[in-house]
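One structure below.
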Amino acid sequence: MAVPYLFVYGTLKRGCGNHRYLKNAQFLGEAEVEGYTLIGVIIPYAVKAPGCKVKGELYRVSQEELEAIDQLEIPAGYARVEVEARTPWGAYKAWMYAYPERRGRCARESYNCE
């Protein structure tokens, strides 16, 4: 069974430039993912970083929506990785776009596109 959830932390968030890719997705709420940090100023990307966390948003998405976002993110160097997104009401297996081969130290937890 495919993972129907997507955790976003950057330009796919509400109010940001690429959120249009999620216009039909169901927003579930704020969430966070442990073991990653955000690097980059204008366009953030997540890299593995033990002891760190990234804050973002959790969505229920369709396979078609994931495939459209793959076409945006994968050519830019991101990979779709499975993570555990934690919310106040529970944890979900979710997809997240990250640079899985890179490592970092705790830098930023969240991104604001405004």
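Key figures for this structure:
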{"read-out": "Dimensions in Å of the chain - Rg and Dmax from alpha carbons", "value": "12.7, 36"}
{"read-out": "Region 42-58 - phi-based ³J(HN,Hα) in whole Hz, Karplus 6.51/-1.76/1.60, Gly and Pro as x", "value": "6, 10, x, 9, 8, 10, 5, 7, x, x, 10, 8, 10, 9, x, 10, 10"}
{"read-out": "Computed over region 34-87, Kirkwood Rh from alpha-carbon pairs, angstrom", "value": "12.6"}
{"read-out": "Partner aspartates and glutamates for LYS55 [C-alpha distance under 17 Å; skip if fewer than 8 residues away on the same chain]", "value": "GLU30, GLU32, GLU34, GLU82, GLU84, GLU109, GLU114"}
{"read-out": "MRE, 222 nm, helices only [DSSP H, n ≥ 4, -39500 (n - 2.57), over the chain, to nearest 500]", "value": "-3000 deg cm²/dmol"}
{"read-out": "Cross-link reach list, lysines versus LYS53, counting only Cα pairs under 25 Å and skipping chain neighbours closer than eight places", "value": "LYS13, LYS93"}
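No value in this document is a laboratory result; all are computed from the given coordinates. As the structure is a computational prediction, the values presented were derived from the model and not from experiment.
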